[in-house]
Every structure is written in C-alpha cells, then in structure tokens.
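The structure appears below as structure tokens.
The values are calculated or read from the model by the stated rules, or taken from the named source; none is laboratory data. Predicted model, so just to flag it, every value in this text is computed and none were measured. We place every Cβ from the backbone using ideal geometry, glycine too, and count neighbours over all the protein chains shown.
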Amino acid sequence: MQEDLRVVFESRNRQSCTDRALVLAAAQVPHQMVDDGVTAALVVPAEHSARAVHELQLYDDENPPARPKPRKQITYQDAVPGLIGYVLVISAIAWLAGYSVFGYDWFEAGRVDGELIRRGEWWRTITALTLHSGPRHLIGNLVFGVLFGLFAGRLLGSGVAWLAIIAAAATGNAANTLLLESAHRSVGASTAVFAALGLVAGYVWRGQFMAQDRWSYRYGPIVGGLALLMYTGTGGPNTDIGAHLLGFVCGFLAGMLLIALGPVPTDRRSQRVGGLAILLVAASWIVALQA
C-alpha cells in the first residue's frame, strides 16, 4: 500500500467493514482494513478513492439497511365494566347454588356432563363456567379471571372481550367433552379464565402488536401465554387440564379471528354486545333449571 491513503468507509461494526472489503476486492480496488479494536476502517490509495467510493455507493444502493417495523400503537379500552360483571355473575351464582335457591340442585342442573352434552344439552358448556366446588376454587378463578379479563378488556373493550371469552370457553368445554369419556364431569370458570389468556395471546400475536424483527418478540405472546398456562393451569389433583388447554386454544383462535375480521369497534355502542354475554349466561341457566 502507498503512503497517501484515504479512508473510504468506517464503522464500529467489523462485519460491515468486512462485507465492503469483499466489494472492493471484487472490483479489484487495492484496499486495506484497519481495526483499532473500537472501529474498523477501509483505506485505499488516493488515486483509487473515487472508484472505491463509487463501488461502495453502488453496494449501499443495492443493499439498503433493514429498518425495523414500527410498533403498532394500542389504544387501551375501559375494562372495568366487564370485570364488575364477571365478579357479580360468578359471585351471585355461587350464592344461589350454595343455598339451592328456588329448590334447585344447581350443580346437577348446570355442571359439565359429557353424556348429557352429547345428547344435546349444550347449555351446560356455559352454565358450568359459573359453578365452583368451594370457596378456594371460587376465589382462585375470581382472581385470575379479573387479571386476564383486565388484559382482554383493555385490548378489546369490555363488551367484545367478554362475549369472545364466553364463546371461546363454551367451545373449549364442548371440545373437551367430546375428546374425553362420556362420564366426564366438571365445574368452574377456569376454562373462561384461560380462554381470556388465549384471547389476549392470539390477538396480540396475530395483530403484530410487538416488535417483529426478532423471533423472541414475534412469538413472545404465545410463549408467555403457554408459560402462564403451564404455571397456573396444570397443578392440583382435581385440575381439568384438558379444559384449561382447550380454553386457551379456543381463546387464541378467537383472538386471531377478531384480527382477521378487521378493526374491533371500540365505541360505547359497539361494546354493548357485552350484554349478549350476560343474556347468554342467563338464558343457559333458565333452560338448565327448566330442563
């Protein structure tokens, strides 16, 4: 190399310098890479500097730097009405069932019963979501239901979120019943709790609301949802793991479906569809108690 040298490229990224050194080598431009441990630079003889700069410019034009996708903005909604409705409905039915109000055996009428559901008693896939075997069961589902319901309501609005949760949870209960033996019996809102978790995971993942330039971010909602499912939904001898898993899966699919259908309406009028969730639960219980 001659003494009169010119710097034609400099970077803290040694790989960028190496790539451009290959460009100069292919163009048969004499060059040298200088690395002081902090930055790397390409130097060429002064008489070759113009051609070197031209070749590097052509390379840069053909290989523009990758720009990370901008994160989609999330407008958070009011989740409180849905959470209040969830707590009131679950608590009220716990009281009604606990005291056998109106002389009915609420557990017998509303629990998941594989044989009866297969015979057409579809309402049990919904009524069972509001029954609990004891205070500990009830409190656990209230706590986690409020937590995951908060996330869903903040994303979708209370009405849309809870209607989707009820639909996904009922579908999960039905699927779980069809996959298990006909003698399967169960109660509890945990299927709805994990449907809410799946709904959030599916909606965030399919909607690409997290940075998409790294796989850990792309699949973060799925991994996080499954981790919470494994941590909170697989313990205890009486845990209905199938219902938890299928609730999560159905919720996840519901979240992706909502993205596919287009922007979720967030105005107050549209969120009134949450009333359908309450009507669906009430109608299911009316049918159950009269059957």
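Worth pointing out:
- Options Ala25, Ala21: the member that is small (Gly, Ala, Ser), surrounded by 12 or more Cβ atoms within 10 Å (Cβ to Cβ) and not assigned by TED's automatic domain parsing to the domain that holds Val143: Ala21
- Listed conditions (1) farther than 30 Å from Asp19 by Cα; (2) small (Gly, Ala, Ser); (3) part of a loop (DSSP other than H, G, I, E, B) are all met by Gly145, apart from (3).
- Looking across Gln77, Gln73, Gln57, Gln28, one residue alone is among the polar types (S, T, N, Q) and in contact with a Ser or Thr (Cβ under 7 Å, 6 or more places away or on another chain). It is Gln77.
- Unmet criterion (only one of (1) modelled with pLDDT of 90 or more; (2) surrounded by fewer than 12 Cβ atoms within 10 Å (Cβ to Cβ); (3) over 34 Å from the mean Cα position of the chain (by Cα)) for Trp95: (3)
- Scope the range 101-120; condition under 31 Å from the mean Cα position of the chain (by Cα) and outside any helix (DSSP H, G or I); matching residues: Arg111, Val112, Asp113
- Test: residue in the range 39-57 that is out of contact with any His (no Cβ under 8 Å at 6 or more places or on another chain), outside the structural domain of Gly207 (by TED's automatic domain parsing) and closer than 30 Å to Gln208 by Cβ: no
- Taking each residue of the range 112-140 that is under 12 Å from Leu178 (Cα atoms) and looking for partners that are of a type in the set (Gly, Ala, Ser) and in a loop (DSSP other than H, G, I, E, B) with beta-carbon atoms closer than 6 Å, six or more apart or interchain, yields Gly114/Ser182; Glu115/Ser182.
- Selection count where residues are of a type outside the set (D, E, K, R), closer than 21 Å to Asn63 by Cβ and touching a residue at least 12 places away in the same chain (Cβ under 8 Å), scope the range 17-48: 14
- Any hit, the range 176-191, residues being buried (at least 22 other Cβ atoms within 10 Å of the Cβ) and at pLDDT 95 or above: no
- Test: Asp35 is out of contact with any helix residue (DSSP H, G or I) (no Cβ under 6 Å at 6 or more places or on another chain) and outside the structural domain of Ile278 (by TED's automatic domain parsing): yes
- Among the residues making up the range 1-17, those that are out of contact with any Ser or Thr (no Cβ under 7 Å at 6 or more places or on another chain) and surrounded by 13 or more Cβ atoms within 10 Å (Cβ to Cβ) are Leu5, Phe9, Arg14, Ser16.
- Against the criterion of being within 30 Å of Thr127 (Cα to Cα) and surrounded by 15 or more Cβ atoms within 10 Å (Cβ to Cβ), Ala79 qualifies.
- Which listed residue is of a type in the set (D, E, K, R), out of contact with any Pro (no Cβ under 7 Å at 6 or more places or on another chain) and surrounded by 16 or more Cβ atoms within 10 Å (Cβ to Cβ), from Glu47, Glu55: Glu55
- When the range 261-291 is limited to residues that are touching a residue at least 24 places away in the same chain (Cβ under 8 Å) and assigned to a loop (DSSP other than H, G, I, E, B), the one that is nearest to the chain's Cα centre (by Cα) turns out to be Val264.
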